[in-house]
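We did not get these values from a lab; they are worked out from the coordinates using the rules stated. The shown structure was predicted, so the numbers you read here are calculated from the model rather than taken from an experiment. Cβ placement follows ideal geometry from the backbone for every residue including glycine, while neighbour counts extend to all protein chains displayed.
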Amino acid sequence: MLKKILFFYLILLCASSHAQTVRKYSNEFMNIGVDAAALGMANAMTSHTNNVNSGYWNPAGLVHLEDHELSLMHANYFANIAQYDYIAYAKPIDDQSAWGISLIRFGVDDILNTTELIDSQGNIDYNRISLFSTADYGVTFSYARKLQIPGFQYGVNAKVIRRIIGKFASSWGFGFDAGLQFEKNDWQFGLMLRDITTTYNVWSIDEAEYKKIADAIPGQNQELPESTEITAPKAQLGFSKKFIIRYDYSLLAAANINMVFTKTNDIISTNFASVDPALGLEFGYTDLVFLRAGVGNFQNIQQIDNSEKVGFQPNIGLGFKYKGIQIDYALTNLGNQSAALYSNIFSVKVDLGLFRN
């Protein structure tokens with residue numbers, strides 16, 4: 001039943017979000033985050049990211065790579081209905097630059113298509129039910145280079161977006177990101193600008209299939225929507241510092257200020273921009289075992305009595321690193337009262353130089 005409801009929601013969402021205007025929430029699967037280590041710290045990664053996953057968090061961080069690296073992640077969302085997968089590869093070009101590539105897939109599979117459940121005679125025929133999938137793909141190409149100014153590095157991303165809703169609709173999108181990092185006196189600073197030119201999606205809608213669901217809500221969706229969608233730019237400013245405690249122990253403290261240039265339910269919201277802070281901590285022992293915690297996604301939530309309260313999302317995580325292989329786990333969405341909606345996230349990062357040596 002849940003997948004049936006989700007089916008109509010996805011189709012109507014596709015139909016309603018294609019107008020040629022800037023959307024508050026567009027290509028949101030690209031904003032979830034990658035790497036269990038980062039998610040355990042509530043995504044406060046902009047300033048100190050320094051491995052293969054930097055292609056997502058801030059491409060400038062790729063210049064810290066010492067060898068080829070590979071990263072894999074899998075997560076389940078919405079009580080295991082949605083599957084979220086990520087793979088990335090990156091390598092140094094020389095001692096001044098690096099490049100990387102990554103792929104994200106967010107999909108819901110085996111959704112019941114009941115648009116032909118009732119035949120032309122008005123009879124219900126369960127044999128007319130079929131299955132389809134909806135999937136969003138994002139491929140990112142990254143390049144990073146150190147600047148002539150000591151401590152500065154920059155990075156850029158070129159993104160290709162592919163979104164498919166069964167045979168009903170599909171789209172292609174293109175966009176760019178730019179990032180900058182700066183290090184001084186053991187402090188690290190970062191700036192990430194996402195969709196700096198706006199990300200432009202062009203949809204193709206099967207008109208015959210669309211007519212089958214046009215009356216799912218009486219009186220609505222009677223006209224075929226426009227076929228373009230624009231994702232607005234976002235900015236993320238971060239800073240962090242790592243403290244060494246008696247040689248064997250370390251504490252990394254990081255913060256992000258996440259901005260979208262529209263009015264949302266974020267804790268700070270204006271017509272010009274909305275701001276959502278994120279805080280993360282990582283406690284490490286001999287660069288072998290890591291405990292992480294973070295809090296973010298601060299939102300103004302309206303109650304039934306029209307009063308407002310501030311909601312937030314705490315995350316926790318655990319990681320192990322040994323000889324170039326790092327395994328991480330994060331438990332996210334802890335603020336949700338339904339245990340079924342907690343998200344268990346696993347990721348693996350491998351320094352491929354380990355096998356060559």
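Assorted remarks:
- Taken over the stretch 265-316, the residue count meeting the criterion of being touching a Lys or Arg at 6+ places or on another chain (Cβ under 9 Å) and exposed (fewer than 14 other Cβ atoms within 10 Å of the Cβ) is 9.
- From the list A79, A90, A75, the one residue that fits, being surrounded by fewer than 22 Cβ atoms within 10 Å (Cβ to Cβ) and either out of contact with any strand residue (DSSP E or B) (no Cβ under 8 Å at 6 or more places or on another chain) or of a type in the set (A, V, I, L, M) (or both), is A79.
- Test: residue in the stretch 151-165 that is under 30 Å from I81 (Cβ atoms), in contact with a Phe, Trp or Tyr (Cβ under 7 Å, 6 or more places away or on another chain) and surrounded by fewer than 19 Cβ atoms within 10 Å (Cβ to Cβ): yes
- Residue count, the stretch 60-81 (criterion: within 19 Å of D351 (Cβ to Cβ) and more than 13 Å from the chain's Cα centre (by Cα)): 12
- For the stretch 273-294, filtered to residues that are among the hydroxyl-bearing types (S, T, Y) and part of a strand (DSSP E or B), the residue that is nearest to T231 (Cα to Cα) is S274.
- Scanning the stretch 245-272 for residues that are within 24 Å of A293 (Cα to Cα) and part of a loop (DSSP other than H, G, I, E, B) yields R246, Y247, D248, N265, I267.
- Hey, L131 part of a strand (DSSP E or B), without any contact (Cβ under 8 Å) to a residue 24 or more places away in the chain, aliphatic (A, V, I, L, M) and surrounded by fewer than 21 Cβ atoms within 10 Å (Cβ to Cβ) or not: yes
- K242 surrounded by 13 or more Cβ atoms within 10 Å (Cβ to Cβ) and in a strand (DSSP E or B): yes
- All positions within the stretch 104-128 that are over 21 Å from A208 (Cβ atoms), touching a residue at least 24 places away in the same chain (Cβ under 8 Å) and surrounded by fewer than 14 Cβ atoms within 10 Å (Cβ to Cβ): D109, D110
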